[in-house]
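Participant: Just passing along the structure, written as structure tokens.
The values are calculated or read from the model by the stated rules, or taken from the named source; none is laboratory data. Predicted, not measured: the structure shown is a model, and the values here were computed from it. Every residue, glycine as well, gets a Cβ built from its backbone with ideal geometry; the counts of neighbours run over all protein chains shown. Areas reflect the complete protein model, heavy atoms only, side chains present, ligands, DNA and RNA absent. Shrake-Rupley method; radii C 1.70, N 1.55, O 1.52, S 1.80 Å.
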Amino acid sequence: MSDHLPFSNAHSHIFTSQHAPDYFLRTAIKNDWLARQIDKMVKKDGTRTALKSVDWILKFFSPNYRNTVRRYIEFVQIGTSATQEDVFNMESRAYMRLGDYRIVVLTQVLDYLDYNSTSNHKKIQTQVQEIIELKRNELYHDKLIPFLGIDPRMQGIDLLQWVTSHINKDVGFYGIKIYPAYGFFPFDVRLDPVWKWAAENDVPVMTHATRGGSFYLGTFDSIMNQGGFRIQSLNPNSSAMPRILNRISQLVNESDKSVKKNNETWCNVFGHPDNYIPVLEKYPSLKICLAHLGGANEVKLSAAQQLNPATKTPYPGYLGGNWYTAILDLMTNFPNVYSDISYTLSDKDAMNIITTYFNNSPLIDKLLYGTDFYLTQQETTGDEPGLINIFLKDFSEAQISKLAYVNPDNYLRSAIQV
Amino acid sequence: MSSALLNSSLLQTLLCLVLCFALLSLLVSTLAEIVNSYYNERGAQLYKIISRLFDDNININFGQLLYNHPMITSLRKNINSLPQYISDTMFSQVIIEIIGNYSRNYSFDETAGAIKLASSNADIFERFKEGVSKMHYTPLKLMLMNMADRTESLSKDEHDRLAILESQIQHWYNDQMDRTSGWFKDLMRKRLRWIAFVVAITLNVDAIHLFSTLYTNPALRSDITAIAEQVADNYEKQKADTTITALQRAYNAAAAAETGKPTPDTNVLNRLIQKATQVEQMKTQQDSARLALLKSADTTLNLIGEINFPIGWTKRTPPILFFTHTSHYSAWACIWQVLLYIIGLLITAFSISVGAPFWFDVLLKLVNVRRAGKKPTTNTSN
């Protein structure tokens, strides 16, 4: 069957630094002014030349460290490309040798990363319009499979209209992308009409599901309203809502400031796999991919906890629970819950655990190949040819056929895009 | 003015001080240009302004899409740079085209398996109107609609309408660009101040110490005065050339000065700039302008090094002087000395941030004033 299907990467990004807010580097650098200055600097040719000089010097003094520097240089170079087309071309070059291929490109709403900061970046409407024009370009029309970024906080936009006007054959979008760690819950009542429509039409949804990655960058109070946070769930009677509400309330009342002030930690609450249960209980047929299998750390932690149940997580109890096993449970309990190996693929140890587990699991039919290009570029084996290589070596022929050919075809096929 | 005053120690000291400020402000201006070229501020600012013209947070930002248009991408120096200038004609043409394209209809062709362009209105003006009507309602949409209405009320002819619409968009664009130029000047003023402050500290130029040393050292004053006159003469010659910028004139005047002393190689900043020059040489073809600026900064630093100004981090200058001085200061005297030193640095920073052309003009005037009071040299050969 796979002979007639293209090799599919189900998870990649081609947005550039122009699409991210000017303060986006606060993900790694706390100081706003410094983050904006570094953001300006990394976009300059002079910085690239300087980094290349460092790379050249390291060739003589520290070849190991040189590899790390080179990976960051490549990451910066890709991320600061002038257009999304440039990035897509870079990614495509890695797949040309594999025969027919297609790449899922995820647009992402990056406009609400901090309610209190302003930025002059390209907003989601412009990001999406660029993709529309790329999809029309005959060079890419059969290779590029775009997913539409949505966020319940999008102002002035009727979400259902936004989705239906883009996910159709004439415009060319295939599915929906959400990123709850930016500060919303997937069970947000504003998303209800979208999930209903997606479930009815078998439209695929992709969501970020690791504790890491980028996250809401504003203050805790700006998003949690100093504890006066109002939850409007699309399914208040869901079996998971009590423990979700308990988790939120514990966070709001958290006395440990190191937890409360650490955005990465408390954004776990938004992205927790439990948050999809109210949606899936209401729309059991919803086709949704919880990406990354929870992340390499969770995969490894799960294996460690199996060996020694006393192994502790680095999170407070109410944020704990293993995301890898939670995602496997969701895949088991709901017929259309998928996951992918993107980003996690760059971690050798995690991949060993995953390949072993999926050798004997029926869930292999709901696992997708993906890389998370180009965000993996920072990892040791994170460049696209390297990841393809790992995938082709670590998985058996039958698994490759499922992950890269058959499963993506099932996942992407909908009543709208056949 | 009496001859005594014109040849006085005070005037000579001022002349030396102005030469020092002129050269340092030349260095500051050159460094500011290097920073500007590195940040491509003009290109980035132009992008920002064009983005803001169309930023209503709900519609597609046509200003940002403009940068993907083939006519604009061809203006880029390299794949990642932004064009420093977009003419009003090009801006209006491209914007009308982009908004017009937004109105075009596309549909999936089952046979070809691809999205194809369906029939569209052939009239560019009408396409523009349809594109605007597809936008979400915001003040921006209303403004563009009004532009189209005004155009229609002025002419019904297809070609005239397009020309009128272009002209309206050009006016709008040019008004915004005028503001940009004011903003850019403000930014440069602030940047010059910061760079001046960094230069004053890095080269340790305490204006008060500089003045007092020059005033009490006739031999040093005499040496520097000769160079000051030479630089002023060079500058006067350069002023005749109206084809170059004021900064370039100042640079040429300084570069042509002969001190008769070997170039010192002890200045750390100087060496750093030489290294930077080597790095820049690796990509000369990409940016020869930046390399030329680095060389200018290098030359100016060399000249400052050749002239024996009482500046730099030496035992003869504050603040190191405070620790090496043999006599003991009282606590209050120490505080007073440190305060004077800080004031001296601030005076220098403020002075050298006003721009090289200003100080070169002052230098020229002072030299002329001094010469006006000099006795004519007796020509013994006659």
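Participant: Within 10 Å of each Cβ in peptide A:208-214, how many partner chain Cβ atoms are there on average? Round it to a whole number, please.
Facilitator: Details: counts 0, 0, 0, 0, 0, 0, 0.
Mean number of neighbouring Cβ atoms from other chains: 0.
Participant: For chain A, what is the mean residue ellipticity at 222 nm derived from helices alone (per DSSP H run of n ≥ 4: -39500 (n - 2.57); sum divided by total residues; nearest 500 deg cm²/dmol)? Present the calculation step by step, with values, prior to reporting the outcome.
Facilitator: Numbers: 19 runs with 180 residues, N = 418.
My calculation for chain A gives -12500 deg cm²/dmol from helical runs alone.
Participant: Right, here's the next one. I need to check one value: relative contact order of segment B:42-180, counting alpha carbon pairs closer than 8 Å and at least 6 residues apart, in percent. Walk me through the numbers before you get to the answer.
Facilitator: Working: 144 pairs, mean separation 32.2, N = 139.
Answer for segment B:42-180 is 23 percent.
Participant: Carbon-plus-sulfur fraction of the accessible area of segment B:42-180, 1.4 Å probe, in percent?
Facilitator: Values: 3420 of 6750 Å².
Using a 1.4 Å probe with all protein chains present, segment B:42-180 comes out at 51 percent carbon and sulfur.
Participant: Shape call for the protein assembly as shown from the C-alpha gyration tensor, a ≥ b ≥ c root eigenvalues: rounded (a/c under 1.5), prolate (a/b greater than b/c) or oblate? All intermediate terms of the calculation are to be shown ahead of the outcome.
Facilitator: On the way: a/c = 2.48, a/b = 1.78, b/c = 1.39.
It comes out prolate by the Cα gyration axes.
Participant: In what sequence, highest mean first, do B:85-95, B:345-355 appear when ranked by Cβ atoms within 10 angstrom? Each step should come with its number before you reach the end.
Facilitator: Working: B:85-95: 18.1, B:345-355: 21.1.
Final packing ranking: B:345-355, B:85-95.
Participant: Would you mind calculating the relative contact order of chain A from Cα pairs under 8 angstrom and at least 6 residues apart, reporting the percent as a whole number?
Facilitator: Details: 698 pairs, mean separation 83.6, N = 418.
Relative contact order comes out at 20 percent.
Participant: Do you know the relative contact order of segment B:120-216, to the nearest whole percent, from alpha carbon pairs under 8 angstrom that are 6+ apart? Intermediate values should be presented prior to the final figure.
Facilitator: Numbers: 25 pairs, mean separation 16.3, N = 97.
The value is 17 percent.
Participant: Something else: Just tell me how shielded B:60-72 is by partners: mean number of partner chain Cβ atoms within 10 Å of each residue's Cβ, no decimals.
Facilitator: Details: counts 10, 8, 2, 1, 11, 5, 0, 4, 9, 0, 0, 0, 0.
Per residue, the number of nearby Cβ atoms from other chains is 4 on average.
Participant: Springs between alpha-carbon atoms under 10 Å, Gaussian network over chain A: tell me which of A:LEU290, A:LEU51, A:LEU217 tops the mean-square fluctuations.
Facilitator: Taking springs between Cα atoms under 10 Å, the residue moving most is A:LEU51.
Participant: OK, next. Need the list of lysines near B:LYS129 for cross-linking: C-alpha distance under 16 angstrom, and skip anything on the same chain fewer than eight residues off.
Facilitator: B:LYS141, B:LYS156
Participant: Take the Cα gyration tensor of segment B:42-180, multiply each eigenvalue by 5, square-root it, and list the three semi-axes largest first, rounded to whole angstrom. Spell out each step's value before the answer.
Facilitator: Details: eigenvalues 120, 92, 41 Å².
Square roots of five times the eigenvalues give 24, 21, 14 Å.
Participant: Let me ask something else. Would you grab the residues whose amide H sits under 5 Å from the one on B:ALA257? Only those 5+ places off in sequence or on another chain, please, with H modelled 1.01 Å from N.
Facilitator: Sorted by chain and number, the residues that satisfy this come to none at all.
Participant: Where the centre of each part is set by its Cα atoms, how far does segment B:185-212 sit from segment A:37-98, in angstrom?
Facilitator: So the two Cα centres are separated by 36 Å.
Participant: Oh, and also: Return the average number of partner chain Cβ atoms within 10 angstrom of each residue Cβ along peptide B:102-114. Provide the component values of the computation, followed by the final result.
Facilitator: Details: counts 1, 0, 1, 1, 6, 4, 7, 2, 1, 0, 2, 2, 7.
Rounded to a whole number, the mean comes out at 3.
Participant: What FRET efficiency would be calculated for the residue pair B:PHE358, B:ALA122, taking the C-beta separation as r and a Förster radius of 56 Å, to the nearest 0.05? Kindly include the intermediate steps, with their values, before the conclusion.
Facilitator: Values: r = 58 Å, r/R0 = 1.04.
It comes out at approximately 0.45.
Participant: If packing is taken as the mean number of other Cβ atoms within 10 Å per residue, what is the order of A:81-90, B:156-165, A:158-167, highest first? Kindly include the intermediate steps, with their values, before the conclusion.
Facilitator: On the way: A:81-90: 18.9, B:156-165: 15.2, A:158-167: 17.3.
Per-residue mean Cβ counts within 10 Å order the peptides as A:81-90, A:158-167, B:156-165.
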